[in-house]
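J.: Let me give you the structure first, and then I'll get to my questions.
The values are calculated or read from the model by the stated rules, or taken from the named source; none is laboratory data. Quick caveat, the model's predicted, so the values are computed rather than measured. All Cβ positions, glycine included, derive from the backbone under ideal geometry; neighbour counts span all protein chains shown.
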């Protein structure tokens with residue numbers, strides 16, 4: 001009566017059911033007669049058919065592969081295979097690549113790539129076949145649209161990173177987790193990528209600093225509040241001088257002069273086009289000579305009628321183009337002339353100043369043993385947090401942090417210190 005599935009569906013579930021039953025029998029040998037037989041496997045197939053086909057209850061991997069659930073959701077998967085890849089370098093030597101994992105939620109399989117942190121864990125055999133991994137904040141690499149789960153194994157994969165992945169308990173339930181996974185400072189690595197969630201207490205908050213970015217991309221060294229207020233006051237004085245009424249009158253006069261020059265240039269071009277129409281012909285190099293020539297008549301006399309016709313068409317096209325861009329050109333020339341007149345490199349544009357604050361944090365909770373590792377967290381965009389948000393003793397759940405100053409990270413010692421920074425999508429939840 002299971003006519004709604006194909007052979008591929010059975011071939012996918014059969015080995016996973018055998019693997020599940022074998023693990024159960026190994027842990028509880030007294031169930032060997034009841035579970036290690038053909039009927040038990042068929043019963044499991046019927047159970048999955050009822051859940052997935054008749055009731056429409058899709059497991060985690062299928063939801064992720066079909067893009068009906070984000071891969072960033074907290075979930076627990078089990079390692080079914082570890083594949084070590086190799087390649088040859090320029091000298092012909094064999095070089096090992098980061099291993100790839102094959103994971104499962106017990107229903108379907110999905111491939112996953114690893115970073116340097118997870119590759120080291122595989123090498124130390126901390127991650128091997130049968131290991132359960134808890135992950136959150138990862139993404140699905142491959143096709144942007146959803147793919148049928150039985151066809152997606154070879155064309156998509158999960159991109160795992162060390163700071164978003166951790167070992168799960170041996171008896172943890174596979175699939176999506178109802179609660180997020182909270183990392184600890186002791187589990188983080190400098191090359192482990194984004195940190196999804198931390199539960200921390202602010203130990204110390206340092207003074208607010210300011211960094212200014214100029215239009216050419218250069219950044220000034222950090223400044224304290226007093227230095228920033230002094231520079232801001234100087235900028236305000238410059239802006240007031242620039243936009244003083246007397247300055248605006250000079251700007252209007254300069255604007256009128258430039259507009260007259262542009263209009264005169266367009267009129268001369270149109271007159272030249274009319275004259276060429278009467279002679280009829282052009283090439284771009286002749287046209288460039290006409291534009292730069294003091295006496296275009298000398299050049300026109302040497303052109304054939306066909307060339308005059310082409311040159312006429314180019315002149316009219318250039319006139320239309322200059323009319324469309326006249327306003328932009330006028331503003332650009334006006335800014336250059338006006339700024340040089342007053343000694344400014346620009347029209348005193350708004351300053352791009354970004355405030356930041358450095359706080360020292362520690363874990364609010366640890367899984368097993370207490371951690372004395374601390375972190376210096378650079379907090380950007382302080383305005384979104386509100387006044388007095390970063391006070392000492394406050395506890396926060398912080399998501400989406402990046403490792404920073406990776407060379408300055410200390411090893412896992414009793415008093416080691418690491419460095420983190422916030423991102424644009426960092427979120428804060430105050431606990432108390």
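J.: Just one of 407, 332, 354, 423 is at pLDDT 85 or above and not in a loop (DSSP other than H, G, I, E, B); which is it?
T.: Answer to the selection: 423.
J.: If the requirement is being in contact with a strand residue (DSSP E or B) (Cβ under 6 Å, 6 or more places away or on another chain) and under 26 Å from residue 11 (Cα atoms), which of these qualifies: 160, 133, 185?
T.: On inspection, the qualifying residue turns out to be 133.
J.: Determine whether residue 87 is over 19 Å from residue 19 (Cβ atoms) and surrounded by fewer than 18 Cβ atoms within 10 Å (Cβ to Cβ).
T.: It is true that residue 87 is over 19 Å from residue 19 (Cβ atoms) and surrounded by fewer than 18 Cβ atoms within 10 Å (Cβ to Cβ).
J.: For residue 106, indicate whether it is more than 28 Å from the chain's Cα centre (by Cα), surrounded by fewer than 17 Cβ atoms within 10 Å (Cβ to Cβ) and under 26 Å from residue 17 (Cβ atoms).
T.: The answer is no for residue 106.
J.: Those residues that are crowded, with 16+ Cβ neighbours inside 10 Å and either not in a loop (DSSP other than H, G, I, E, B) or not assigned by TED's automatic domain parsing to the domain that holds residue 422 (or both), I need them from region 381-399; list them, please.
T.: Across region 381-399, the qualifying residues are 382, 396, 397, 398, 399.
J.: If I filter region 114-131 for residues that are in a strand (DSSP E or B) and crowded, with 21+ Cβ neighbours inside 10 Å, do I get at least one hit?
T.: no
J.: Take residues that are in contact (Cβ under 8 Å) with a residue 40 or more places away in the chain and touching a helix residue (DSSP H, G or I) at 6+ places or on another chain (Cβ under 8 Å) and tell me which of the helices (runs of 4 or more DSSP H) falling wholly in region 8-65 contain 3 or more.
T.: 60-65
J.: Can you pull out every residue in region 75-103 that is in contact with a helix residue (DSSP H, G or I) (Cβ under 8 Å, 6 or more places away or on another chain), in a strand (DSSP E or B) and more than 14 Å from residue 135 (Cβ to Cβ)?
T.: Those that are in contact with a helix residue (DSSP H, G or I) (Cβ under 8 Å, 6 or more places away or on another chain), in a strand (DSSP E or B) and more than 14 Å from residue 135 (Cβ to Cβ): 80, 82.
J.: Could you count how many residues in region 191-207 are crowded, with 16+ Cβ neighbours inside 10 Å and more than 9 Å from residue 163 (Cα to Cα)?
T.: Residues in region 191-207 being crowded, with 16+ Cβ neighbours inside 10 Å and more than 9 Å from residue 163 (Cα to Cα): 7 in total.
Let's see how each residue does on (1) in contact with a helix residue (DSSP H, G or I) (Cβ under 6 Å, 6 or more places away or on another chain); (2) within 14 Å of residue 429 (Cβ to Cβ):
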| residue | (1), (2) |
| --- | --- |
| 358 | no, no |
| 365 | no, no |
| 373 | yes, no |
| 376 | no, no |
| 380 | no, no |
| 388 | no, no |
| 391 | no, no |
| 395 | no, yes |
| 400 | no, yes |
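J.: Of the residues that make up region 150-160, is at least one surrounded by fewer than 20 Cβ atoms within 10 Å (Cβ to Cβ), farther than 14 Å from residue 401 by Cα and touching a helix residue (DSSP H, G or I) at 6+ places or on another chain (Cβ under 8 Å)?
T.: There is at least one residue in region 150-160 that is surrounded by fewer than 20 Cβ atoms within 10 Å (Cβ to Cβ), farther than 14 Å from residue 401 by Cα and touching a helix residue (DSSP H, G or I) at 6+ places or on another chain (Cβ under 8 Å).
J.: Let me ask you something else. Determine which single condition residue 75 fails, assuming it passes every other condition in (1) closer than 30 Å to residue 194 by Cα; (2) not assigned by TED's automatic domain parsing to the domain that holds residue 119.
T.: Only one criterion is unmet by residue 75, namely (2).
J.: To continue, here is another question. Would you call residue 271 at pLDDT 65 or above and either in a helix (DSSP H, G or I) or farther than 21 Å from residue 383 by Cα (or both)?
T.: Answer is yes for this residue.
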